[in-house]
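Have a look at the structure below before the remarks.
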Amino acid sequence: MNTALKNASPLMPVEEAISQLLAMAELRRLQDSESIPLSAARQRVLANDLLATLDLPPWPNSAMDGYALNVEGWDGRPLPVSQQVFAGQAPAALAAGTCARIFTGAPVPKGANAVQMQENTRVLEDGRIQFMQLPAAGSNIRPQGQENRAGDVLLKAGKRLGPFELAVAAAQGCTHVQVVRRPRVALLSTGNELLEPGTPLKPGSIYNSNRTLLNHWLEALGCEVIDAGILPDELKQTRLRLEQLQHGADLILTTGGVSAGDADCLGQVLRECGKPLLWKLSIKPGKPLTVGQFGEVPVIGLPGNPTSALVTFGLLARAYLLRIQGVESVEPLSFPVPVDFAWPKPGSRREYLRVRLENGRAVLYPNQSSGVLLGASWADGLVEVLEGRTLKEGDSVQFIPFSELF
């Protein structure tokens, strides 16, 4: 692949790194698809345009409870009721000189061209209906095809399927949808200090939280996770494991081992045996992010500190994984909020701070260390502090909700 990421400066700006990752993803868009039931399609990506197979509504129907009538030539006299029409019934044609009792969602009888709400009518002693107001033709009738016509494109290919999109498909009578196959992501943790929960904790060791975080996050993005376990900080084993994982994976996602220390083997193996494409971002936390290629498989190496892994996955790896599935809009929605804190010292890197929204203002988690994961659980999302910027209370920053990243 000839999309080597040119790192023109020691630290690559965030926007440039995202642009380069998306360029890589364009070359690796997944082509295979599968038909799956609607019940299994949440968060999957639509492979083909979803076309309407029928008009919605399929016939004119009443927008409320009331009485259907034909206002053409009506002289204002009370009308007898010739039929009742409930939702789910097929009515007879409206008899001339009559009205029909009708309920919300029921088909409008042929020959009727308006519905008057029951609040604007009065039932006389003989059962006839006195209309207090003359409705205009078409009043309170949802016309056939008001929502869509058969053949309309309802959902474009590349759309992620959430509850609303799946309901749109169900309204057309779909039982299955054609979706892009799941990206296969090999998830590998590196570090001599890591232990899985359930193992007795030894001196100098910590439990591996990144694996749990990323496993659930990957599944939420529609990925198939290949659990590659924990790898010790050893060059030969790192090289061997990457060789094993390149077969059958669309992406190797790692945590740890990407800095410049003696024990950071992943970056060293990529530089010696693979193709390093990006190293060191102008971002805090998450500067050591590494992107490369081993054999024909891309490798995204996230930093090992939990918040660094969270930020770089949410802003960069997430975008890559969505784009290879064909999703066009991969940037998380953000909006400006005022801050409830001061940030007096300008940074040389773009910073992402964990905050909670209280009374419309961003409140800062007190410990912004990249090794502190609890702040993410406390927070609602991240605020972006641009390079060289200071903040005083009330200043506006962009807020990215965690709900957008997941």
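The values are calculated or read from the model by the stated rules, or taken from the named source; none is laboratory data. What you are looking at is a predicted structure, and each value in this text was computed from that prediction instead of being measured. When we count neighbours, we look across all protein chains shown, and the Cβ atoms used for this are built from the backbone with ideal geometry, even at glycine. Heads up: the accessible areas ignore ligands, DNA and RNA and are worked out on the full protein's heavy atoms, side chains in. Shrake-Rupley method; radii C 1.70, N 1.55, O 1.52, S 1.80 Å.
Residues considered: 370, 403. Of these, the only one that is in contact with a helix residue (DSSP H, G or I) (Cβ under 6 Å, 6 or more places away or on another chain) and on the phi < 0 side of the Ramachandran plot is 370.
Scanning the range 392-406 for residues that are in a helix (DSSP H, G or I) and not hydroxyl-bearing (Ser, Thr, Tyr) yields 402, 404, 405.
Sub-6 Å Cβ pairs linking a first residue in the range 54-77 that is farther than 10 Å from residue 102 by Cβ to a second residue that is of a type in the set (A, V, I, L, M, F, W, C), at least 6 apart or interchain, are 54/150; 55/150; 60/108; 60/141; 70/112; 71/114; 71/137, ordered by first then second residue.
Taking the range 33-83 only, how many residues are touching a Gly at 6+ places or on another chain (Cβ under 9 Å), under 30 Å from residue 319 (Cα atoms) and surrounded by fewer than 14 Cβ atoms within 10 Å (Cβ to Cβ)? So the count comes out to 1. Of the strands (runs of 3 or more DSSP E) lying entirely inside the range 167-267, the ones with 2 or more residues being buried (at least 23 other Cβ atoms within 10 Å of the Cβ) and either touching a residue at least 60 places away in the same chain (Cβ under 8 Å) or of a type in the set (Val, Ile, Thr) (or both) are found at 176-180, 184-190, 251-255. When 125, 72, 119, 165 are checked against the criterion of being closer than 30 Å to residue 42 by Cβ, among the acidic types (Asp, Glu) and out of contact with any Phe, Trp or Tyr (no Cβ under 8 Å at 6 or more places or on another chain), 165 stands alone in meeting it.
The set of residues in the range 133-166 that are open to solvent by less than 40 Å² (accessible area, probe 1.4 Å) and among the charged types (D, E, K, R) contains only 165. Of all residues in the range 153-164, none that is free of Cβ contacts under 8 Å to residues at least 12 places away in the same chain has its Cβ atom under 8 Å from the Cβ atom of a residue that is buried (at least 19 other Cβ atoms within 10 Å of the Cβ), 6 or more apart or on another chain.
Checking each residue in the range 304-326 for being in a loop (DSSP other than H, G, I, E, B) and in contact with a strand residue (DSSP E or B) (Cβ under 6 Å, 6 or more places away or on another chain) picks out 304, 325, 326.
Condition first: open to solvent by less than 60 Å² (accessible area, probe 1.4 Å) and under 41 Å from the mean Cα position of the chain (by Cα). Can you find one or more residues in the range 93-104 that meet it? Yes, the range 93-104 has at least one match. Scan the range 120-152 for residues that are without any contact (Cβ under 8 Å) to a residue 60 or more places away in the chain and of a type in the set (D, E, K, R) and jot them down. Within the range 120-152, 122, 125, 126, 128 qualify. Of the strands (runs of 3 or more DSSP E) lying entirely inside the range 1-105, those carrying at least 2 residues that are closer than 30 Å to residue 251 by Cα are 33-37.
Restricted to the range 347-391, the set of strands (runs of 3 or more DSSP E) holding at least 3 residues that are open to solvent by 20 Å² or more (accessible area, probe 1.4 Å) comprises 350-358, 361-364.
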